[in-house]
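Following: one structure in structure tokens, then a few remarks.
The values are calculated or read from the model by the stated rules, or taken from the named source; none is laboratory data. What you see is a predicted model, and the numbers here were worked out from it, not measured in a lab. All Cβ positions, even for glycine, are placed from backbone atoms using ideal geometry, and neighbour counts span all protein chains on display.
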Amino acid sequence: MKPKICVLVLLITVFSAGFAQESADTTQPEAIEAKLKQAMQEWERPDRLGGVVAAIHKGEIVYKKCFGQANAEYLNPNTPKTVFDVASVAEPITGMAIAMLEDQGKLSVADSVREHIPELPAFAASITLAHLLYHTSGLIDWFDLLILAGWNERDVITPEHVWKLMAHQKEPLFKPGSKYLYSKTNYTLLAEVIKRISGQSFRDWTWTNIFKPLKMTRTLFRDDYREIIENRAYSISYSHFEGYLRGGDNLAVVGSTSLFTTQDDFIKLMSNLETREVGSATFMAKMSSSGKLSSGQDAGHSYGFRIDTHNGLKRMYKNGDWGGFRAAFHYYPEIPFGVFAFVNWDYNVYDPVMAVENLAQIYLESQMTQEKKAMPATEKKKPIELSPSVLKTYEGHYRMGPGSYLKIVLKDTELTADFGGAVFRLLPLSETEFLIADIGLPVYFGKDADGKINGFSFQENTAPKVELIQVNKEQLKAYVGRYVNEELDATYDIVLRGDNLVLTNLRKRDIRLTPENPKNFAGRSRVLSRIVFKISDTGKILGFFVDTDSLRPFVFKKRLP
């Protein structure tokens, strides 16, 4: 595939994913079987990895199918008994466990987490178990902390590593209860609370009280990454830097992750949301109801599930991914209807979220209100004319990702967007709304307090406008040195290799830093994606921090010679 075409395909895939359902509604055949076949046709590839999918409707299994291989090395097929790592889909189990213990009077979600884990930092006294359940604690995700502290994504990660980092934290990201921000740390702590209350490991407690009663005999929380699990799937993970490789498998942090289960077993768990053979008298109400922020607004999260309304129907859902595995579990309690997809390849064709939403649409079409997204409304609008002087204000570079930029330029009387050599026309529908003509994607421009364009948004993504200033090799020398953060006990070196700055650490893959301007540098890393340098009035480099919503500005101070 030619590079320009490849970029175009990528843009269409990423930008138009949210509109796939409208397209499916108008083009799929009327017969259920035909619709299912079309929705899952890309999964019908026995020559590569795949996954398992199942759906229940009013207690009956209406869809159950396995696709592709469980292991690319031995070419074993995925079956109903293949064991998958389902990543954060572990959290509803943890939420269910908390609800059961709460119903038994063994804890209250109003308890401070520090009442149960007293060795946590002093600031944790204001964090309750409810804050952990609803992801409103302000605690930083342990994975982001570990990566910032020098871990590689494929390094061994155990609860001990998490506890050590937590013990050194000085403050939360925000006041507990003030807003929602997903963090795996929350459900890792909840699992530890269950362990201490029950006197059993979290693995043993969930087996005795949930999995064994439901006859989920092939389901477990793996608390030792070296454990041998029979008939398990192995994943392939794609990296822009390394291509397709076997996924990482060195994680053992229960509660938020490390749940291993099969298609057959998970159907039993999904059915239990309706039959309630296992669980407290009130657990379903707690799992299907959103918690509240301190402002009184919904947090959008319950005991383990995100809560929303999808096409007019109430939905509980949890999606997850880890080391090439991806999983999606969506449940519509008012029907009731549940559907899940587990895959062992993070190739975009096997998008479990899109798969479960498509299946829900097929089975629940008559009960859904067919909400219209922005695209159909935008299509009805006609392009307007804007003067060249106004159009020129949109020119510039917009950050699409770490070290990745889209350039908007004015050619004659029309704006064009260049992304990696693929050029698209931008048609103005107003001074803030434009349409990417070749894709049909609406984008919305924003302005700063001075009325200047400061970026655009599309669906749930944002692309800030940045000023790219050339930084020459001689100027880059000033950044070279060792940078230290005592709170994380972490050290990075910045070295000059050729014409490029490189962020390096003894444990991590080296990260090339691309300057946007003397202060801001982009790194090709999910966590270390934007490095902001602190510079004195005299131009001396004092240190840097990582600019991201998921981390506090941990400053790495430059050691002076």
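Restricting attention to the stretch 159-183, the residues that are under 21 Å from ARG222 (Cα atoms) and loosely packed, with under 15 Cβ neighbours inside 10 Å add up to 2. Determine whether ALA110 is more than 28 Å from ASP224 (Cβ to Cβ), in contact (Cβ under 8 Å) with a residue 12 or more places away in the chain and part of a helix (DSSP H, G or I). Considered against the rule, which asks whether it is more than 28 Å from ASP224 (Cβ to Cβ), in contact (Cβ under 8 Å) with a residue 12 or more places away in the chain and part of a helix (DSSP H, G or I), ALA110 comes out as no.
I'd like the full set of residues that are without any contact (Cβ under 8 Å) to a residue 60 or more places away in the chain and in contact with a Phe, Trp or Tyr (Cβ under 8 Å, 6 or more places away or on another chain), limited to the stretch 384-403.
Taking the stretch 384-403 first, the residues without any contact (Cβ under 8 Å) to a residue 60 or more places away in the chain are 384-392, 394-395.
The answer is TYR394, and nothing else.
Out of SER88, SER16, one residue alone is surrounded by 15 or more Cβ atoms within 10 Å (Cβ to Cβ), modelled with pLDDT of 95 or more and among the small types (Gly, Ala, Ser). It is SER88.
Is it true that some residue in the stretch 124-138 is touching a residue at least 12 places away in the same chain (Cβ under 8 Å) and under 30 Å from ARG509 (Cβ atoms)?
We begin by selecting, within the stretch 124-138, every residue touching a residue at least 12 places away in the same chain (Cβ under 8 Å); these are 124-138.
Filter again for under 30 Å from ARG509 (Cβ atoms), leaving 135, 138.
Yes, because at least one residue in the stretch 124-138 is touching a residue at least 12 places away in the same chain (Cβ under 8 Å) and under 30 Å from ARG509 (Cβ atoms).
Out of the residues in the stretch 408-430 that are closer than 17 Å to PHE458 by Cβ and not hydrophobic (A, V, I, L, M, F, W, C), state the one that is surrounded by the most Cβ atoms within 10 Å (Cβ to Cβ). That would be PRO428. If I filter the stretch 405-423 down to residues being in a strand (DSSP E or B) and touching a residue at least 24 places away in the same chain (Cβ under 8 Å), which single residue comes out as nearest to PRO515 (Cα to Cα)? Within the stretch 405-423, the match that is nearest to PRO515 (Cα to Cα) is TYR405.
The stretch 210-264 holds strands (runs of 3 or more DSSP E) entirely within its bounds, and those carrying 1 or more residues that are modelled with pLDDT under 95 map to 236-239, 243-246.
Among the criteria (1) part of a strand (DSSP E or B); (2) without any contact (Cβ under 8 Å) to a residue 40 or more places away in the chain; (3) more than 30 Å from LEU415 (Cα to Cα); (4) not acidic (Asp, Glu), the one LEU513 does not fulfil is (3).
Evaluated against (1) surrounded by 14 or more Cβ atoms within 10 Å (Cβ to Cβ); (2) touching a residue at least 24 places away in the same chain (Cβ under 8 Å); (3) closer than 23 Å to GLU192 by Cα, ASP224 falls short on exactly one condition, (1). Of everything in the stretch 485-510 that is among the polar types (S, T, N, Q) and assigned to a strand (DSSP E or B), the residue that is surrounded by the fewest Cβ atoms within 10 Å (Cβ to Cβ) is ASN500.
The condition of being buried (at least 19 other Cβ atoms within 10 Å of the Cβ), of a type in the set (S, T, N, Q), at pLDDT 95 or above and assigned by TED's automatic domain parsing to the domain that holds SER237 holds for only one of SER302, SER294, that being SER302.
Taking the stretch 434-469 as the range and being over 29 Å from the mean Cα position of the chain (by Cα) and touching a residue at least 24 places away in the same chain (Cβ under 8 Å) as the test, the residues that pass are LYS452, ILE469. You will find that of LEU36, LEU75, the residue that is surrounded by fewer than 18 Cβ atoms within 10 Å (Cβ to Cβ), more than 23 Å from the chain's Cα centre (by Cα) and at pLDDT 50 or above is LEU75 and no other. Of all the criteria given as (1) buried (at least 16 other Cβ atoms within 10 Å of the Cβ); (2) of a type outside the set (Lys, Arg); (3) more than 25 Å from the chain's Cα centre (by Cα); (4) in a loop (DSSP other than H, G, I, E, B), the one not satisfied by GLN200 is (1).
Of all residues in the stretch 154-178, those being part of a loop (DSSP other than H, G, I, E, B) and touching a helix residue (DSSP H, G or I) at 6+ places or on another chain (Cβ under 7 Å) number 4. Would the stretch 350-364 turn up any residue that is more than 17 Å from the chain's Cα centre (by Cα), buried (at least 21 other Cβ atoms within 10 Å of the Cβ) and within 27 Å of PHE174 (Cβ to Cβ)? Looking for residues that are more than 17 Å from the chain's Cα centre (by Cα), buried (at least 21 other Cβ atoms within 10 Å of the Cβ) and within 27 Å of PHE174 (Cβ to Cβ), one finds none in the stretch 350-364, hence no. Only residues that are touching a residue at least 40 places away in the same chain (Cβ under 8 Å) and either closer than 11 Å to SER525 by Cα or of a type outside the set (A, V, I, L, M) (or both) were counted across the stretch 490-510, and they come to 6.
For the stretch 302-327, the tally of residues that are within 23 Å of THR261 (Cβ to Cβ), in a strand (DSSP E or B) and not polar (S, T, N, Q) stands at 12. When ARG276 is tested against the conditions (1) touching a residue at least 60 places away in the same chain (Cβ under 8 Å); (2) on the phi > 0 side of the Ramachandran plot, the lone failure is (1). Within the stretch 130-153, the set of residues being part of a helix (DSSP H, G or I), among the small types (Gly, Ala, Ser) and closer than 24 Å to MET96 by Cβ comprises ALA130 only.
Among residues belonging to the stretch 266-283 that are more than 25 Å from the chain's Cα centre (by Cα) and assigned to a helix (DSSP H, G or I), point out the one that is surrounded by the fewest Cβ atoms within 10 Å (Cβ to Cβ). Write out each step before concluding.
Restricting attention to the stretch 266-283, the residues satisfying the condition of being more than 25 Å from the chain's Cα centre (by Cα) are 268, 271-272, 274-283.
In the following step, the residues that additionally are assigned to a helix (DSSP H, G or I) were identified as 268, 271-272, 274-275, 283.
Working: LYS268: 20, SER271: 18, ASN272: 19, GLU274: 17, THR275: 11, PHE283: 23.
Residue satisfying both the conditions and the ranking: THR275.
Checked across the stretch 110-133, the condition of being over 21 Å from VAL254 (Cβ atoms), in contact with a Leu (Cβ under 7 Å, 6 or more places away or on another chain) and of a type in the set (S, T, N, Q) holds for no residue.
Here ASP448 passes the criteria (1) under 30 Å from PHE556 (Cβ atoms); (2) surrounded by 14 or more Cβ atoms within 10 Å (Cβ to Cβ); (3) modelled with pLDDT of 90 or more except the one numbered (2).
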